[in-house]
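Computed from the coordinates by the stated procedures, all read-outs in this text should not be read as laboratory data. No experiment lies behind these values; they were computed from the predicted model shown. Backbone-built Cβ (ideal geometry, glycine too); neighbour counts: all protein chains shown.
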Amino acid sequence: MKSRIITSPDEINAIIGKCQVCHVAMIDNEGKPYVLPFNFGFENGVIYFHSSRNGKKIDILQNHPSICVAFSCDYLLRSQNQEVACSYSMKYRSVLAYGKVEFIEDHDQKMKALAIVMKNYTSQEFLLNPPSVREVCCLNMKVEKFECRVYGY
């Protein structure tokens, strides 16, 4: 069974739409890889994140804004022969998105970003109070390039 490269925007969007968490890969200030799970929102080719305003990831992203975001879903163990360990593999769908993270400072843009993130998890609309919005860090990444693979489906 081969993996298929996917280029269809609709298929890429569908895979991202199935994901509850993404993993953001960055390069830390010592040149080492650093990966963290994030909640996210996705709309019109832009990925939105939120975070506390301080911490290691914020320091890294301020200095090194290039990131890779990994999405994956639909895992299913399969085998050609249940008695042969090497015949097992995992079906999956995955997307990698590349770009540079930007910090959102404008209050109205932060409100929009938070609404997009929450839309990924609930259909409920929220009223956000100004102190909460002021204290959260919102980021976005305009996707420069997607890589998408599907294996076993």
Quiz item: Who wins for biggest fluctuation among Met26, Met111, Met90 in a Gaussian network model of the chain, springs between alpha carbons below 10 Å?
Solution: Met90
Self-check item: Tilt relative to the chain, helix 107-119 - C-alpha long axis, 0 to 90 degrees, to 10
Solution: 30
Self-check item: Listed pairs Lys91/Lys112; Lys32/Lys142; Lys18/Lys100; Lys32/Lys91; Lys91/Lys145 exceeding 26 Å between Cα atoms
Solution: Lys91/Lys112; Lys32/Lys91
Practice problem: Report Rg (one decimal) and Dmax (nearest whole number) for the chain, counting Cα atoms only, units Å. | Solution: 17.7, 60
Practice problem: Based on other C-beta atoms within 10 Å, arrange His64, His50 from fewest to most. | Solution: His64, His50
Quiz prompt | the chain, relative contact order [Cα under 8 Å, separation at least 6], % | solution = 33
Self-check item: Helix-derived mean residue ellipticity, 222 nm - over the chain, DSSP H n ≥ 4, -39500 (n - 2.57), to 500
Solution: -7000 deg cm²/dmol
Quiz prompt | Contact order relative to length of the range 1-59, as percent, for alpha carbon pairs under 8 angstrom and 6 or more apart | solution = 20
